[in-house]
Amino acid sequence: MKEHLLISIRITVALLVITCGIYPAAVWAIGQAAFHDKANGSLIVRNGTTIGSALIGQEFTSDRFFHSRPSAANYDASASTGSNLGPTSARLRDFVAAHVKAYDIHENVPADAVTASGSGLDPHISPENAMAQAGRVARANGLPI
C-alpha cells in the first residue's frame, strides 16, 4: 500500500512539473522565437509608446476614417464579450436600427456595419462595408473614390 502511494505521489509531482512548468515554458519560448510580434499581442508602437493592438478595433467617429464594427464591449479589451442577443431580441433590433440610422446609406447596409463581432473587439470590416463608407471617406479627405 505504501509503495503504491509513493508511486502515485511521484507520478503526480512529475506530471505537475511537466504540464505546469516545462510544457508552458517550451510553448512560450517557441512563441517568442518564432512569432514574437503575434505572441505579444500584435502591439502597435509609435515613437516608443504602445498605442494599441492590430487585433483590437477602435472607435472612429471622424468622417476621415473608415468606421470599424460596432463593439459589444465598447472597445475595451478587458471586457471582451459578445452581446449574446438573439434574433428576436428587442435590444438587438434597436442596436441595429440605431447603427443603420447613423450610416450614410439606408439600404443594403452590410451586416458587419451594424452588428458586433463575437468578441466585440474585431477591427476588420468587409469589402462591402469599406465600399459603403468609401464615398464619405473620400469626400472628407478631398480624394476621389
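Just a few scattered comments:
- Pick from the stretch 81-113, criterion of a type in the set (S, T, N, Q) and within 21 Å of Ser126 (Cα to Cα), ranking: nearest to the chain's Cα centre (by Cα): Thr81
For every residue, the table says whether it meets (1) assigned by TED's automatic domain parsing to the domain that holds Arg136; (2) among the hydroxyl-bearing types (Ser, Thr, Tyr); (3) in contact with a Ser or Thr (Cβ under 8 Å, 6 or more places away or on another chain).
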site: Gln32; (1), (2), (3): no, no, no
site: Ser53; (1), (2), (3): yes, yes, yes
site: Ser62; (1), (2), (3): yes, yes, no
site: Tyr75; (1), (2), (3): yes, yes, no
site: Tyr103; (1), (2), (3): yes, yes, no
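- Residue check for Pro127: loosely packed, with under 12 Cβ neighbours inside 10 Å, within 25 Å of the chain's Cα centre (by Cα) and under 30 Å from Gly41 (Cα atoms): yes
- Check on Gly86, touching a strand residue (DSSP E or B) at 6+ places or on another chain (Cβ under 6 Å) and modelled with pLDDT under 90: no
- Gly86 exposed (fewer than 11 other Cβ atoms within 10 Å of the Cβ) and closer than 18 Å to Ser119 by Cα: yes
- Some residue of the stretch 16-26 being in contact (Cβ under 8 Å) with a residue 12 or more places away in the chain, surrounded by 10 or more Cβ atoms within 10 Å (Cβ to Cβ) and not hydrophobic (A, V, I, L, M, F, W, C): no
- Which listed residue, of Phe60, Phe65, Phe95, is touching a His at 6+ places or on another chain (Cβ under 6 Å) and among the hydrophobic types (A, V, I, L, M, F, W, C): Phe60
The values are calculated or read from the model by the stated rules, or taken from the named source; none is laboratory data. All of these numbers come straight from a predicted model, not from anything done at the bench. Using ideal geometry, Cβ is built from the backbone for each residue, glycine included, and neighbour counts are taken over all protein chains shown.
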